[in-house]
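Colleague: Questions regarding the structure given below will be posed in turn.
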Amino acid sequence: MRSPFLYFADERLSRAELTAACLDGDLVALGDAYIPADAVETAALRAGSLAETLGDTLAATHLSAAWVHGGLPLPPSRHTVQRGVPRRLHVRPDRRVVYRDLQVPGDDLQLVGGVLVTTPERTLADLARVGDDEHTEAARLLAEIDADAAYEAIARLEAGALPHKRAALACLRALVEERQDEVTRYTS
């Protein structure tokens, strides 16, 4: 069930009415939807704002999942999605979406705000495996929020054979060490 705080264009109000409400200060944009200006932005609302893009068959991954989990302040310009169901899908090309046809295993998914999102540890492992500056920064921000997920992501990477595993492990270990240095520095 969708949150009553999420407004999608042409559902209850037209895009023009939603934009006017934003100009009046009543609503603010959140992902692909709008929320009341005084609503607290939660993971459920961020995920729910992707409901029209993801439906019940696609899962938010990589930067999109990092945004849902609170690791990024703004949504990515292109959402990264993967199949969350075993059957192959016919996904219409959309310039706002990067679609990966590989299915995400069910134990790597969680239901947030009515949509499928990769777990924080899976998200961290995925971000670290990409290795560019944007994904590394997102991994750092997500690891700051959920330090346990970083340890779980390291354990996950050590247990399996994946592309870019060594670089991802080095990245995550550096993030954990950096975080540990901050804790040690402030407690001594």
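Since every read-out is calculated from the coordinates, none of them should be taken as a lab result. Computed from a predicted model, the values in this text were never measured in an experiment. FYI the Cβ positions are ideal-geometry reconstructions off the backbone, even for glycines, and counts take in every protein chain you see.
Colleague: Give me, ordered by chain and number, the residues 5 or more places off LEU27 or on other chains with an amide H under 5 Å from its own placed amide H.
Modeller: CYS22, ALA37
Colleague: Under the rule a/c < 1.5 gives rounded, and otherwise a/b versus b/c splits prolate from oblate, where does the stretch 1-55 land using the Cα gyration tensor?
Modeller: On the way: a/c = 2.12, a/b = 1.29, b/c = 1.64.
Oblate shape, in that a/c is at least 1.5 and b/c is the bigger or equal ratio.
Colleague: Hey, can you rank 35-46, 167-178, 117-128 by average C-beta count inside 10 Å, highest first?
Modeller: 117-128, 167-178, 35-46
Colleague: Can you list residues from other chains, or at least 5 along the same chain, whose modelled amide H is less than 5 Å from the amide H of PHE5?
Modeller: Correct list: empty.
Colleague: Okay, moving on. Taking the Cα centre of the chain as the origin, how large is its charge dipole in debye, to the nearest 20, when only Lys and Arg (+1) and Asp and Glu (-1) carry charge on their Cβ atoms?
Modeller: Dipole about the Cα centre, nearest 20: 780 debye.
Colleague: Any idea what the relative contact order of the chain is, in percent, if you count C-alpha pairs under 8 Å spaced at least 6 apart?
Modeller: Relative contact order of the chain: 17 percent.
Colleague: Return the Rg/Rh ratio of the chain with Cα-based radii and a Kirkwood Rh.
Modeller: For the chain, the value is 1.01.
Colleague: On to the next question. Of the options GLN180, LEU157, ALA139, report the single residue whose Cα projects farthest towards the positive end of the charge dipole of the stretch 119-187 (beta-carbon charges: Lys, Arg +1; Asp, Glu -1).
Modeller: Of the listed residues, the answer is LEU157.
Colleague: Moving to a separate point now. Long-range amide H contacts for ARG100: which residues qualify at under 5 Å (H placed 1.01 Å from N, peptide plane, sequence gap of 5 or more or a different chain)?
Modeller: Correct list: VAL81, GLN82, ARG83.
Colleague: Residue by residue through the stretch 49-56, which ³J(HN,Hα) values in whole Hz follow from phi under the Karplus form 6.51 cos²θ - 1.76 cosθ + 1.60 (θ = phi - 60°), with glycine and proline marked x?
Modeller: Coupling constants for the stretch 49-56: 5, 9, 4, 5, 6, 8, x, 10 Hz.
Colleague: Shifting gears a bit: What's the ranking of 25-33, 156-164 by average number of surrounding C-beta atoms within 10 Å, highest first? Show your work: numbers first, answer last.
Modeller: Numbers: 25-33: 17.3, 156-164: 11.9.
My ranking of the peptides, most packed first, is 25-33, 156-164.
Colleague: Right, here's the next one. What length, rounded to one decimal in nm, is gained on full extension from VAL91 through to HIS164, with 0.36 nm per residue of separation minus their alpha-carbon distance? Spell out each step's value before the answer.
Modeller: Details: separation 73, 0.36 × 73 = 26.28 nm, distance 2.72 nm.
Contour length minus Cα-Cα distance gives 23.6 nm.
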